[in-house]
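The values are calculated or read from the model by the stated rules, or taken from the named source; none is laboratory data. This is a predicted model, so every value here is computed, not measured. Quick reminder, even Gly has a Cβ in these numbers, built from the backbone with ideal geometry, and neighbours come from all protein chains shown. Please note that ligands, DNA and RNA were not included when accessible areas were found on the heavy atoms of the full protein model with its side chains. Shrake-Rupley method; radii C 1.70, N 1.55, O 1.52, S 1.80 Å.
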Number of protein chains: 2
Amino acid sequence: VEGQKNKDLKELLDEFHYADIAEILDELNLEQAIYVIKLLDSETTSDILTELDEDIREKVLKNLSDKEIAEEVEELDTDDAVDIIQELPEERQQEVIEQIEDEEHKEEIKELLTYEDGTAGALMAKELVKVYETWTVAGCLRKIRAQAEEVTRVHSIYVVTKEEKLIGRLSLKNLITAKNEQKIADIYISNVDYVTVDEEDEEVAKVMAKYDLEAIPVVDENKKLLGRITIDDIVDLLKEEAEKDYQLAAGITQDVDSDDSILELTRARLPWLFLGLIGGIGAFIIMEGFQESFNHYKVLFFFTPLIAAMAGNVGVQSSAIIVQGLANDDVKGSINSRLFKEMLLAALNGLILAFFLFLFVWVTKGEVNTAFAISVSLVAVIIVAGLIGTFVPLFLDKRGIDPAIATGPFITTSNDILGILLYFWIAKLILGI
Amino acid sequence: VEGQKNKDLKELLDEFHYADIAEILDELNLEQAIYVIKLLDSETTSDILTELDEDIREKVLKNLSDKEIAEEVEELDTDDAVDIIQELPEERQQEVIEQIEDEEHKEEIKELLTYEDGTAGALMAKELVKVYETWTVAGCLRKIRAQAEEVTRVHSIYVVTKEEKLIGRLSLKNLITAKNEQKIADIYISNVDYVTVDEEDEEVAKVMAKYDLEAIPVVDENKKLLGRITIDDIVDLLKEEAEKDYQLAAGITQDVDSDDSILELTRARLPWLFLGLIGGIGAFIIMEGFQESFNHYKVLFFFTPLIAAMAGNVGVQSSAIIVQGLANDDVKGSINSRLFKEMLLAALNGLILAFFLFLFVWVTKGEVNTAFAISVSLVAVIIVAGLIGTFVPLFLDKRGIDPAIATGPFITTSNDILGILLYFWIAKLILGI
């Protein structure tokens with residue numbers, strides 16, 4: 001990068017897709033990245049900005065003036081423009097917006113900024129092609145040509161009444177195959193899927209995936225057409241959601257990736273490890289408490305890692321299935337019937353595993369009583385772990401809390417402690433001490 | 001369902017979207033589902049079939065004749081048709097294909113069946129709109145009207161040479177805004193993204209997500225246009241991949257959901273639990289081996305669940321970050337530099353946690369030596385667990401094995417055993433026994 005002349009470099013980069021340039025910039029140092037961005041024209045750089053890694057974009061934006069950012073934002077669709085502006089500190093947001101020259105664009109961005117994060121409103125763009133039911137096909141084609149200039153991709157054409165109320169849709173295909181003098185009112189398709197502006201974004205993703213939609217119009221409570229959401233934003237959303245759930249299941253709190261700094265990674269990982277530490281200390285206290293009772297059955301202590309591991313594994317498995325079922329909306333039936341099914345399942349798994357454990361202890365230690373006590377405890381621990389793994393995410397979901405936090409370290413730790421407690425308690429009962 | 005008259009029912013269902021009918025059928029028993037399917041016309045039922053739950057679809061297909069399936073398949077786009085046919089037993093596939101009346105559709109389906117699962121070829125559909133570079137805009141619009149009848153949604157129009165070689169694309173927008181007498185050769189966009197037919201499907205998803213594409217053409221090694229892949233298939237693919245990774249991380253081998261039978265769920269869950277059982281027995285053997293050495297330091301045994309839990313958690317965290325980085329293609333740099341970074345990270349986390357553990361043991365037990373031994377071991381265990389968690393997925397990935405199997409029970413179990421072994425070994429060294 002350094003050595004080349006500006007013009008050569010510019011020509012070279014003009015050949016690339018903006019997503020590729022963004023990838024290259026992610027690799028450069030900040031100074032170089034800003035140099036390249038200032039070199040290219042704002043139509044390309046604005047697209048590059050949307051594709052940059054978040055950390056790097058933040059730094060680049062810091063090094064651009066309000067005016068420069070406003071110019072970039074001006075080139076973008078409203079939804080991408082809002083994403084960029086939202087990453088700026090509060091006080092800069094206002095200043096950048098004021099610098100936007102296109103009044104319409106400015107108003108639209110201001111409107112989009114008012115919608116709450118995580119709703120359809122925050123995902124949608126104002127750019128869309130709409131036609132009034134009273135227009136003719138020929139008039140329509142003329143107007144669409146003008147509107148389409150501003151819209152990167154035409155998915156559907158939305159048909160509205162003169163009060164801007166959404167009443168249907170048209171595809172370009174319909175328009176092309178219709179006769180010029182026909183009225184839109186006669187040819188539009190009244191069957192149109194839509195979402196309201198305060199719908200949750202995950203819900204929007206479900207609707208679009210279910211009906212294989214590539215764009216969906218967004219309306220207010222009076223069905224007034226406000227904007228549209230396109231599938232590329234949904235693809236990004238799905239990827240983010242999947243990553244978030246995966247990280248939560250692995251015990252990582254914040255959104256980090258492998259290239260983040262050690263400090264950031266520590267912040268994301270340490271809280272769950274602390275939870276594990278407290279769980280481990282809990283297990284220690286339990287084991288110490290049972291120390292006296294089992295003077296003659298020391299062997300029991302050597303199985304605590306096994307018991308803890310099984311309780312943790314079963315808990316994670318059952319909670320993962322519930323979390324996934326909730327995400328796909330296919331957890332049906334009552335909580336009780338779920339718990340009953342999990343109980344049967346855990347009992348079956350537990351009996352099979354306990355049988356092998358019994359054989360192992362019996363053969364190697366020759367103590368039938370101990371073997372029996374350990375095996376029965378294992379079955380009980382597995383059943384309880386399965387029930388907790390099933391119940392906790394269902395309970396959290398009912399309370400409106402993301403059930404994904406129930407998988408991973410949270411379930412593992414609580415099941416560890418409870419499993420060990422139950423294990424010693426049952427063993428004590430069976431061995432009659 | 002039972003009580004209603006056929007006609008009423010049919011009218012009622014005609015109002016619904018096929019994806020909704022599929023959801024209703026998923027809830028009915030088999031007999032009722034087949035009854036409804038036979039009631040509706042094949043255009044709707046074929047779409048319903050593609051949306052049905054896999055298990056139920058299998059049963060429904062068993063109850064339809066070859067002829068009936070062929071009729072359903074005839075109504076579908078080639079990619080969906082192939083999906084249905086592939087679910088049939090080998091011998092029935094041939095028979096159903098022979099019953100397809102439309103020769104072109106039949107040949108296309110046969111071609112698609114030859115592509116390997118997991119490649120672009122297996123994802124693509126033959127339906128697309130293509131124009132030859134020599135055509136004029138007016139001629140083009142005429143031909144497109146005819147081709148578009150067969151294609152559910154027109155995304156892009158692909159421009160080919162007379163040898164069928166892909167050379168560019170056109171949007172309907174371009175066509176509408178161009179003059180009638182212009183040649184396609186003069187107005188097409190030569191900059192077109194494409195994938196080859198043997199590209200991996202995950203790679204296709206990455207390309208489409210990166211460039212925000214809604215459809216991508218598929219070509220052979222000579223750039224001959226073979227088909228196209230649409231974003232709705234990619235959305236399904238992304239969801240499946242995310243679910244698979246999530247389930248693997250939770251220790252669930254097969255693709256199951258919460259409504260599957262207890263036997264299916266057992267088959268998916270038991271293998272990992274067995275692994276846990278073997279790990280637990282390993283831990284037992286280690287602890288028994290150290291039994292004699294620690295007669296005076298019994299307290300050490302009570303910390304094994306803590307050590308195992310920490311080793312497991314750290315391993316899962318570090319492997320999850322690597323697995324996710326690999327999936328997003330942003331794991332850069334050598335394995336050694338990764339391991340070095342993880343070592344620093346784990347050491348930092350380990351020191352912080354060990355400090356608190358030291359305080360706890362020191363204050364409650366009053367034994368500085370024991371507290372020191374346990375804390376130092378904890379740091380070592382965390383570092384080793386982090387290194388293993390980082391190394392194993394990188395190693396698997398290099399070998400072409402899905403690194404996702406490295407997270408979850410696999411890493412947890414191996415880290416449990418290794419952690420406990422290391423713990424006793426270091427403690428023994430420090431306490432000088």
Can you give the mean number of other chain Cβ atoms that lie within 10 Å of the Cβ atoms in peptide B:257-265? 6
Taking the label point 7 Å from Cα in the Cβ direction, how far apart in nm is A:N336 from each other copy of itself, listed shortest first? 6.5
For q = 0.16, 0.20, 0.22 Å⁻¹, Debye-computed log10 I/I(0) when each Cα of the stretch B:326-368 counts as one equal scatterer: -0.58, -0.70, -0.76
With each pseudo-label sitting 7 Å past Cα toward Cβ, what's the A:H296-B:F16 distance in nm, one decimal? 6.6
If we hang a label 7 Å off Cα along the beta carbon direction at B:I401, how far is it from the matching labels on the other copies, in nm, shortest first? 3.7
Just tell me the longest site-free run in chain B, where the sites are GluC sites (Glu not before Pro) in a DSSP loop having at most 12 other beta-carbon atoms within 10 Å. B:293-433
Where rotation carries A onto B, the chain A residue whose Cβ is nearest that axis, in whole Å: A:A242, 2
Can you give me the relative contact order of the stretch A:129-230 as a percent, contacts being Cα pairs under 8 Å and 6 or more apart? 26
Find the accessible area per residue for the stretch B:129-238; the probe is 1.4 Å, ligands and nucleic acids are left out, and the unit is Å². 46
Give me the net charge of B:L422's neighbourhood, meaning all other residues with Cβ under 15 Å from the Cβ of B:L422; Lys, Arg count +1, Asp, Glu -1. 0
Note to self, the protein assembly as shown gives a 222 nm [θ] from helices alone (DSSP H runs n ≥ 4, -39500 (n - 2.57) apiece, / all residues, nearest 500) of -21000 deg cm²/dmol
With all distinct Cα pairs included, what does the Kirkwood hydrodynamic radius of the protein assembly as shown come out to in Å, to one decimal, could you say? 30.4
Inter-copy label distances at A:K244 (7 Å, Cα→Cβ; nm, one decimal): 2.5
Return the carbon/sulfur percentage of the accessible area of the protein assembly as shown, one whole number, probe 1.4 Å, all protein chains in place. 52
Over the stretch A:262-431, relative contact order from alpha-carbon pairs under 8 Å, at least 6 apart, %: 38
Describe numerically, in nm with one decimal, the distance between label points set 7 Å from Cα along Cα→Cβ at B:Q182 and at A:K332. 5.3
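Any idea of the total accessible area buried by the A-B contact, 1.4 Å probe, rounded to 100 Å²?
For A against B, buried area totals roughly 10000 Å².
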Take every Cα pair under 8 Å in chain B that's 6+ residues apart, average their separations, divide by the length, and report that relative contact order as a whole percent. 11
Given axes a ≥ b ≥ c from the Cα gyration tensor, I'd like to know whether the stretch B:262-431 is rounded (a/c under 1.5), prolate (a/b larger than b/c) or oblate. oblate
Starting from the Cα of B:D255, step 7 Å along the direction of its Cβ; do the same at B:V363; then give the gap between the two resulting points in nm. 5.2
For the stretch B:298-355 and the stretch A:271-295, what is the separation of their C-alpha centers, rounded to whole Å? 22
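Please give the net charge around A:V392, taking every other residue with its beta carbon less than 15 angstrom from that of A:V392, where Lys and Arg add +1 and Asp and Glu add -1. Can you show the working numbers first?
Numbers: positive: A:R338, A:K398, A:R399; negative: A:E342, A:D397, A:D402, A:D416.
Every neighbour counted, the sum reads -1.
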Which helices pass in chain A if a helix is a full DSSP H run, must span at least 18 angstrom along its long axis by Cα, and must have mean Kyte-Doolittle hydropathy not below 1.6? A:368-398
